[in-house]
Amino acid sequence: MKSTISEVSQCIGQEVTIGAWLSNKRSSGKIAFLQLRDGTGFIQGVVVKNEVEEEVFQKAKSLSQETSLYVTGIVREDARSPFGYELQVKDIQVIHEAVDYPITPKEHGTEFLMDHRHLWLRSRKQHAVMKIRNEIIRATYEFFNQKGFVKIDPPILTGSAPEGTTELFHTKYFDEDAYLSQSGQLYMEAAAMAFGKVFSFGPTFRAEKSKTRRHLIEFWMIEPEMAFYEHEDSLKLQEQYVSYIVQSVLKNCQLELGRLERDTSKLENVQAPFPRITYDEAIELLHEKGFQDIEWGEDFGAPHETAIAEHFEKPVFITHYPAKIKPFYMQPDPNRPEVVLCADLIAPEGYGEIIGGSERIHDYDLLKKRLEEFHLSLDAYQWYLDLRKYGSVPHSGFGLGLERTVAWISGVEHVRETIPFPRLLNRLYP
Ligand code: 4AD
Ligand code: MG
């Protein structure tokens, strides 16, 4: 009977055949231990000389790393393995022998591993991170579907720039200029007026010359947008959503979190509600913490965000930023128009901003004025202004950066390990 590694729990005591790769092995005169992986999981195969044909034992001893094979054996429970099962091997059939696999069990440098990303993805740690990424995506669809959101796909080729014009990837669209999407938000606003509550999940491109552990050139963003939601409603949804994905990973990825040696007590704490401070309070807190130089009206850098996050056990919202450091579409606070109804959600443990969101301007004249102040073309944004012309309503939305969220929940240092093929300032290969 064919089985995958993830399914062996249903085959205890039975003979199964698993298509697998050899990730590592150890052998003595009488016994060989094969570390097998098939993509669904990892299992140890035990080959005992006395129990198999001599030819099978010799084959097991000579297998090279990453050789593909069919392994047939009996599934046994094994309390010593974190997975809980092992395979008592009866037969081995080599499919394809791998010669001189470049990533050996010894230590390799990051650049070497990144050059071999197409192979590095097979390793245990990378496998765990991608499984956590997958669980976050799964939980995201579940969360928004349960809440009655409609998934809407905004375009990737666009004619305008929602988040400012400096970070755009330019391309030609036949005779016109076009840009790769840096956010689907403006289209999601149109969708919210058609479907009420919507979310998108797609790739985003930022031609930012940032080379930090939090920046990718191409990353994936989840962008919910809700009609009739004011700022406060949106914050509540955000904390519920983030709690939901963290608790889903805790529930469904114990093995992966263990393999990554993640301190899960810190994640268990992540339950709504989350603490909130205003931008003004954040500036004060930073002054108290020795960041004397930062002044009201300046944006926060990574060290500032980390210092603020350290002050709290859970993710923290920083709200009411100065309007002049945020994009044109954010709704000014009616009591204090120099700040906007927005929030950034800062993850704990130094992972930085994982969500940016706001209430959107829904008044036609105010939006037009803001576009002019930002020197944006009214022609290009006419369709966006139209949304304020025909039954405009208060609405809010936000964007969660998938890779920063994966990095935080997995506890990996750098976002380059949280996406299968990272696009970085100095890397477009493989
Ligand atoms: O704060 P940002 O730029 O917000 C927007 O794009 C809004 N239009 C979203 C919305 O309201 N619909 O980006 C949102 C999130 C950030 O909080 C961060 O998690 C992630 O996207 N992000 C990046 N992740 C990796 N690499 C980069 N270069 C990123 N830039 C932003
Ligand atoms: Mg932001």
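The C-alpha radius of gyration of segment 200-336, expressed as a fraction of 2.2 N^0.38 Å, stands at 1.21.
Here the Karplus relation 6.51 cos²θ - 1.76 cosθ + 1.60, evaluated at θ = phi - 60°, turns the backbone of segment 24-38 into coupling constants of 5, 7, 8, 8, 10, x, 10, 8, 10, 10, 9, 8, 10, 9, 10 Hz, with x for every Gly and Pro.
The simple Förster model, with R0 at 35 Å and r as the Cβ-Cβ distance, assigns Glu372 and Val393 a FRET efficiency of 0.90. What the Cβ-Cβ distance of Arg80 and Asp293 gives, at R0 = 45 Å and to the nearest 0.05, is a FRET efficiency of 0.25.
Summary of packing: across the peptides 326-338, 351-363, the per-residue average of other C-beta atoms within 10 Å ranks them, highest first, as 351-363, 326-338.
Compared with the direct C-alpha span, the chain from Ser123 to Glu107 gains 4.5 nm at full extension, assuming 0.36 nm per residue. Using θ = phi - 60° in the Karplus curve 6.51 cos²θ - 1.76 cosθ + 1.60, the 3J(HN,Hα) couplings for segment 350-362 round to x, 8, x, 5, 9, 10, x, x, 6, 7, 9, 5, 10 Hz; x is entered for Gly and Pro. Rounded to whole numbers, the Karplus 3J(HN,Hα) couplings from phi for segment 177-187 are 8, 9, 9, 6, 4, 9, 4, x, 3, 4, 6 Hz, using 6.51 cos²θ - 1.76 cosθ + 1.60 with θ = phi - 60°, and x at Gly and Pro. Maximal additional length on extending the Ala380-Arg138 stretch stands at 83.6 nm, based on 0.36 nm per residue less the C-alpha distance. Which shape class applies to segment 21-148: rounded if a/c is under 1.5, otherwise prolate when a/b exceeds b/c and oblate if not, where a ≥ b ≥ c are the square roots of the Cα gyration tensor eigenvalues? Oblate.
Here the gap between Thr171 and Glu310, fully extended at 0.36 nm per residue and compared with their Cα-Cα distance, gives a gain of 45.9 nm.
Computed from the Kirkwood radius of its Cα pairs, the Stokes-Einstein diffusion coefficient for the chain at 20 °C and 1.002 mPa s stands at 88 µm²/s.
Would you please put 238-250, 82-94 in order of how densely packed they are, using the mean number of other Cβ atoms within 10 angstrom per residue and starting with the highest?
On the way: 238-250: 20.9, 82-94: 17.8.
Answer by packing, highest mean first, reads 238-250, 82-94.
Computed as a quarter of the hull surface, the mean projected area of the alpha carbon convex hull for segment 5-96 stands at 5.3 nm². The separation of segment 99-129 from segment 387-403, counted between C-alpha centres, amounts to 41 Å. Within the straight-line cut-off of under 30 Å between alpha carbons, the lysines reachable from Lys125 are Lys2, Lys25, Lys59, Lys61, Lys90, Lys106, Lys209, Lys211, Lys251, Lys266, Lys314, sequence neighbours fewer than 8 places apart in one chain being disregarded. Taking amide hydrogens as placed 1.01 Å from N in the peptide plane, the amide H of Ser27 sits under 5 Å from those of Phe33, each at least 5 positions away in sequence or on another chain. In this structure the amide hydrogen of Asp333, modeled in the peptide plane, comes within under 5 Å of the amide hydrogens of Val339, Val340, Leu341, none closer than 5 places in sequence on its chain.
For segment 283-387, a/c is not less than 1.5, where a ≥ b ≥ c are the root eigenvalues of the C-alpha gyration tensor, and a/b tops b/c. That puts it in the prolate class.
Accessible area of the chain with a 1.4 Å probe: how many percent of it is carbon plus sulfur? Intermediate results must be reported in sequence, preceding the final value.
Details: 10140 of 20080 Å².
Looking at the chain in its full context, I get 50 percent from C and S.
Accessible area per residue of segment 5-96 at 1.4 Å probe, in Å²? Show your work: numbers first, answer last.
Values: 4460 Å² over 92 residues.
Dividing the accessible area of segment 5-96 by its residue count gives 49 Å².
Taking amide H positions as modeled 1.01 Å from N, with prolines and chain starts lacking one, the residues under 5 Å from Gly352 and 5 or more places away or on another chain are Ala347.
The values are calculated or read from the model by the stated rules, or taken from the named source; none is laboratory data. Keep in mind the model is a prediction, meaning the values are calculated, not measured. Note that each Cβ is placed from the backbone with ideal geometry, even for glycine, and that neighbours are counted across all protein chains shown. The accessibility values were calculated without ligands, DNA or RNA, using every heavy atom of the protein model including side chains. Shrake-Rupley method; radii C 1.70, N 1.55, O 1.52, S 1.80 Å.
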